[in-house]
Amino acid sequence: MAADSNELVTNGASGKYNRHIAHKSQKTQKAQTEKRIVFLDEIRGFAVFCMVFYHMFYAMYALFDISAGKQLFEFFMPFQPIFAGIFIFISGISSRLSHHNTVRGVKLLVIALALTAVTALILPNLTIGGMVIEDCEIYFGILHCLSICMLIFSGVRNILDKIPVMLGFILFALIFAFTMNVENGVLGIEGFLGVNIPDIFYQSDYFMPLGFHTQAFQSADYFPLIPNLFLFLAGTYIGVYAEARAFPKFTYERRSALMAFLGRHALLIYILHMPIIFGVFTLITTL
């Protein structure tokens, strides 16, 4: 999962619609100027922590044929969308704390494309310790998704600023809920208010980044823009309060040094954790 710069911003919220939350005393703002919203780091760190173990369990059974890994992977599978969603939402919040989302988005996209090149072109042609690495291609993973979300937000930020904070949050949260099952061919709540999407949208992989793909499509890490972009944008509206230094006092206080560390270095951990996991289990199985 990608790391987000939790930059310090003291300018207050942008746009006329959020001025009411920027009316804090100068003394209070000065006291908080150098404070980082550590709570965001800690929650992001917890999501990274869960991701590492989730991928470790996957590697245990898919790459090293360890039966216990399959059981653990299947047990934690229902929780994966939750901690991934939390990470995307916090990424949206953090984007309000940066004036350089275009630069951040481009840099992250370069890393994501490099990851695709390595997993799709290099790894499938490698044999390590007699083991052929298969099914590891990443075509539109969370790094791809977040980089595009940052670029889109950077491009439409001025337009989004015209929407009142809570209205924007509720609007994009509802759109996210309404589009959660697009990959499964359904708009709305499946089995309740669901509307089937025509099959023609799923006869090609050209629109795979949006969530439309054939049944044959496979990616080891897949986070399409629909619905994740809308979750990201919902987070940007909560980020208005972070930008205005209007988060609750407890969010600036540290509770877990480990989780805060993981949250601050999420991108590096995402890049390194699978090679480390693979190396450790290769050593264990060899011994």
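Here are the numbers for this structure:
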item	result
Any hit, the stretch 239-259, residues being under 21 Å from His144 (Cβ atoms) and either of a type in the set (Val, Ile, Thr) or surrounded by 14 or more Cβ atoms within 10 Å (Cβ to Cβ) (or both)	no
Residue satisfying all of: in the stretch 63-87; assigned to a helix (DSSP H, G or I) and of a type in the set (A, V, I, L, M); nearest to the chain's Cα centre (by Cα) among these	Ala84
Of residues in the stretch 67-106 being free of Cβ contacts under 8 Å to residues at least 12 places away in the same chain and either polar (S, T, N, Q) or crowded, with 17+ Cβ neighbours inside 10 Å (or both), the one farthest from Thr285 (Cα to Cα)	Gln71
Single residue of the stretch 270-287 satisfying the filter (touching a residue at least 12 places away in the same chain (Cβ under 8 Å) and closer than 13 Å to Met56 by Cα) that is surrounded by the most Cβ atoms within 10 Å (Cβ to Cβ)	Tyr270
Breaking point among (1) surrounded by 14 or more Cβ atoms within 10 Å (Cβ to Cβ); (2) outside any helix (DSSP H, G or I); (3) modelled with pLDDT under 50, for Asn11	(1)
Yes/no for Leu109 being in a helix (DSSP H, G or I) and surrounded by fewer than 17 Cβ atoms within 10 Å (Cβ to Cβ)	no
From the options Ile138, Ile122, residue that is over 19 Å from the mean Cα position of the chain (by Cα), farther than 15 Å from Ile226 by Cβ and at pLDDT below 95	Ile122
The stretch 225-250, residues that are in contact (Cβ under 8 Å) with a residue 12 or more places away in the chain, part of a helix (DSSP H, G or I) and over 26 Å from Leu143 (Cβ atoms)	Tyr241, Phe250
Lone unmet requirement of (1) over 23 Å from Thr116 (Cβ atoms); (2) of a type outside the set (S, T, N, Q); (3) crowded, with 21+ Cβ neighbours inside 10 Å for Val156	(3)
Failed item, numbered, when Leu146 is tested on (1) under 21 Å from Ile37 (Cβ atoms); (2) of a type outside the set (S, T, N, Q); (3) in contact with a Phe, Trp or Tyr (Cβ under 6 Å, 6 or more places away or on another chain)	(3)
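The values are calculated or read from the model by the stated rules, or taken from the named source; none is laboratory data. This structure is a prediction, so every number in the text was calculated from the model and none was measured. Because the Cβ atoms are built from the backbone with ideal geometry, glycine has one as well, and the counts that use them run over all protein chains shown.
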